[in-house]
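Q: Quick one: the structure is below, questions incoming.
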Amino acid sequence: MHTGEFADVDPTQRKGMLVLSLGTGEAKYEEKYNAPTAASWSMINWVYNSGKTPLIDMFSSAISDMVDYHISTLFESIDSKEYYLRIQDDKLNGEAASVDIATTQNLQRLKEIGAELLKKTESRVNLDTGKYEEIEGGRTNEQALAHFALLLSNERKNRQTK
């Protein structure tokens with residue numbers, strides 16, 4: 001889908017698109033690999049290396065980033081960026097960044113991370129740099145979710161009356 005498809009759509013109709021994206025968190029800024037080490041890897045090391053899966057990790061992270069970037073671009077291009085809310089913690093590290101460690105300790109830590117994430121300021125990807133930045137004067141993620149719930153509720157009511 002490209003922005004040209006929305007050219008003849010009434011701007012009030014564009015507001016009917018609402019997207020909430022909740023990330024599972026990732027260790028985007030944790031250095032897992034470095035160039036000198038990776039330069040000496042065989043093909044098998046790219047698939048499996050010391051209990052990690054470098055190639056899969058990189059593809060997974062890239063897919064998530066590209067989807068967020070493209071959706072952000074779409075919503076900004078139709079002057080509706082407030083109708084796309086992405087909440088993601090990209091500063092996880094250690095066991096908290098792993099999707100397959102379901103120990104009681106790690107699950108409790110993830111619960112705490114989620115509670116902390118709700119208190120953080122809402123952020124959005126900067127389309128020039130590709131990095132997440134807090135929205136200046138922005139709400140907390142908790143407030144942003146409450147506002148988004150209100151938008152969803154209003155949209156549902158509007159659709160029921162039509």
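Q: Principal axis extents for the chain, Cα atoms only, whole Å, descending order, please.
A: So the three principal-axis extents are 60, 39, 30 Å.
Q: Rounded to the nearest 0.05, what FRET efficiency is calculated for residue 61 and residue 162 with R0 set to 45 Å and r the Cβ-Cβ distance?
A: 0.65
Q: Among the DSSP beta bridges whose two residues both lie in the chain, what percent are antiparallel, rounded to the nearest 5? Don't skip to the end; give the middle numbers.
A: Values: 5 of 9 bridges.
In the chain, approximately 55 percent of DSSP beta bridges are antiparallel ones.
Q: If amide H atoms are built 1.01 Å from N in the plane of the peptide, which residues on other chains or at least 5 residues away come under 5 Å of the amide H of residue 132?
A: 126
Q: For the stretch 18-161, build the charge dipole from Cβ charges (+1 Lys, Arg; -1 Asp, Glu) around the Cα centre, then report which of 56, 41, 106 sits farthest towards its positive end.
A: Farthest towards the positive pole: 106.
Q: What lysines sit close enough to residue 52 to cross-link, taking a C-alpha to C-alpha distance under 19 Å and skipping anything fewer than 8 places away on the same chain?
A: Once the sequence-local lysines are set aside, what remains near residue 52 is 28, 32, 91.
Q: A follow-up question, please. Can you list the lysines whose alpha carbon sits under 17 Å from that of residue 81, skipping same-chain ones fewer than 8 residues off?
A: Answer for residue 81, where 17 Å is the Cα cut-off: 15, 131, listed by chain and number.
Q: What dipole magnitude, in Debye to the nearest 20, does the chain give about its Cα centre under +1 on Lys/Arg Cβ and -1 on Asp/Glu Cβ?
A: Details: 19 positive and 25 negative charges, 108 e Å.
In total the dipole reaches around 520 debye.
Q: Taking 0.36 nm per residue of sequence separation and subtracting the Cα-Cα distance, how much length would be gained by fully extending the chain between residue 147 and residue 101, in nm to one decimal?
A: Difference between extended and current length: 13.3 nm.
Q: Using 7 Å Cα-to-Cβ label points, what is the residue 69/residue 24 separation (nm, one decimal)?
A: The two pseudo-label positions are separated by 2.2 nm.
Q: How much net charge surrounds residue 117 when only the other residues with a Cβ under 11 Å from the Cβ of residue 117 are counted, with Lys and Arg +1 and Asp and Glu -1?
A: Working: positive: 91, 111, 119, 120; negative: 89, 90, 112, 116, 122, 142.
My count for the surroundings of residue 117 gives -2.
Q: So what's the net charge close to residue 144: Lys and Arg +1, Asp and Glu -1, counting the other residues with Cβ under 13 Å from its Cβ? Write out the running numbers ahead of the final one.
A: Working: positive: 81, 86, 119, 120, 124, 139; negative: 82, 122, 134, 142.
My count for the surroundings of residue 144 gives +2.
Q: Still on this structure, please answer the following. List the residues whose amide H sits under 5 Å from the amide H of residue 140, counting only those 5 or more places along or on another chain, with H placed 1.01 Å from N in the peptide plane.
A: Under 5 Å from the amide H of residue 140: 122.
Q: Tell me which GluC sites (Glu not before Pro) from the stretch 77-162 have a DSSP coil assignment and no more than 13 other beta carbons within 10 Å of their own. Don't skip to the end; give the middle numbers.
A: Numbers: sites: 82, 95, 112, 116, 122, 133, 134, 136, 142, 155; in loops: 122, 136.
Listed in order of number, the matching sites are 136.
Q: What's the extension gain from residue 79 to residue 121 if we count 0.36 nm per residue and subtract their Cα-Cα distance? Present the calculation step by step, with values, prior to reporting the outcome.
A: Details: separation 42, 0.36 × 42 = 15.12 nm, distance 2.17 nm.
Full extension from residue 79 to residue 121 adds 13.0 nm.
Quick note: the coordinates plus some simple rules give every number you see, no bench work behind them. Keep in mind that this is a model prediction, so the values were computed, not measured. Neighbour counts run over all protein chains shown; Cβ positions are idealised from the backbone, glycine included.
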